[in-house]
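Scroll down for the structure; my scribbles are underneath it.
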Amino acid sequence: MRGLLVVVLGLFLAGCGQNMEVQPSYREYAPAPLFRGSTLRSPPANVVARDDLERDQEARDRPPLTEGLLERGQQRFGIFCSPCHGAAGDGDGIIVERGMPHPTSYHDDRLRNSDDQYLFDVITNGHGAMYSYAARVPPRDRWAIVAYIRALQLARHASIEDVPPERRDGLQVRR
């Protein structure tokens, strides 16, 4: 019993004076004497963040155009693009009704004639009032959105001759 009391008392005294409830810590950009500078440390040379190489490869390699890619592009377009650009890509999304700037229509000749990489880069880096979607939309989904934008443009400016003959039966042609 006496031994147990000595052990408990020893543990109790070992914690005294060490200020265990308030641990020293540094804030971002605060001076840190241990590091002779800021608490934020520079990464070592040639360090690559986890998944950066794979993400860069996805950004470089455009996926093949498939029905699944277009469906994914339509879904992602509806989530990320249509609030500003509208469901048909005319630039008449809900934000325009709320007083935000009117974005360019995807059916504008400048955007119809631009290459796919330009659209991908605008989604990635932003342009004008549009902010970057690089952190929100993975590269493969950005390519899917570009494919869907191209489908919207094709659909708007297509003629009946662009439709295969076996699929023309159910279509109504507007004049």
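The values are calculated or read from the model by the stated rules, or taken from the named source; none is laboratory data. Keep in mind the model is a prediction, meaning the values are calculated, not measured. Methodologically, a virtual Cβ is constructed for each residue, glycine included, from the backbone with ideal geometry; neighbour enumeration extends over all protein chains shown.
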Take Arg55 and decide whether it is assigned to a helix (DSSP H, G or I) and touching a Lys or Arg at 6+ places or on another chain (Cβ under 9 Å). no
Of (1) under 30 Å from Leu53 (Cβ atoms); (2) assigned to a helix (DSSP H, G or I), Ala151 satisfies every one except (1)
Picked from the stretch 112-140 (must be more than 21 Å from Arg60 (Cα to Cα) and surrounded by 13 or more Cβ atoms within 10 Å (Cβ to Cβ)), the residue modelled with the highest pLDDT is Arg112
### Task
Please tell me if Ala134 is not in a helix (DSSP H, G or I) and not hydroxyl-bearing (Ser, Thr, Tyr).
yes
Of the residues that make up the stretch 133-142, is at least one in contact (Cβ under 8 Å) with a residue 24 or more places away in the chain, farther than 20 Å from Leu65 by Cβ and among the basic types (Lys, Arg)? yes
* Please tell me if Asp90 is of a type in the set (Asp, Glu) and either buried (at least 17 other Cβ atoms within 10 Å of the Cβ) or touching a His at 6+ places or on another chain (Cβ under 8 Å) (or both). => yes
Restricting the stretch 154-175 to residues that are part of a loop (DSSP other than H, G, I, E, B) and of a type in the set (Val, Ile, Thr), the one surrounded by the fewest Cβ atoms within 10 Å (Cβ to Cβ) turns out to be Val173
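Here's the yes/no breakdown for (1) surrounded by 13 or more Cβ atoms within 10 Å (Cβ to Cβ); (2) at pLDDT 80 or above; (3) under 19 Å from the mean Cα position of the chain (by Cα):
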| residue | (1), (2), (3) |
| --- | --- |
| Pro24 | no, no, no |
| Glu28 | no, no, no |
| Ser38 | yes, no, no |
| Asn46 | no, yes, no |
| Ala49 | no, no, yes |
| Leu70 | yes, yes, yes |
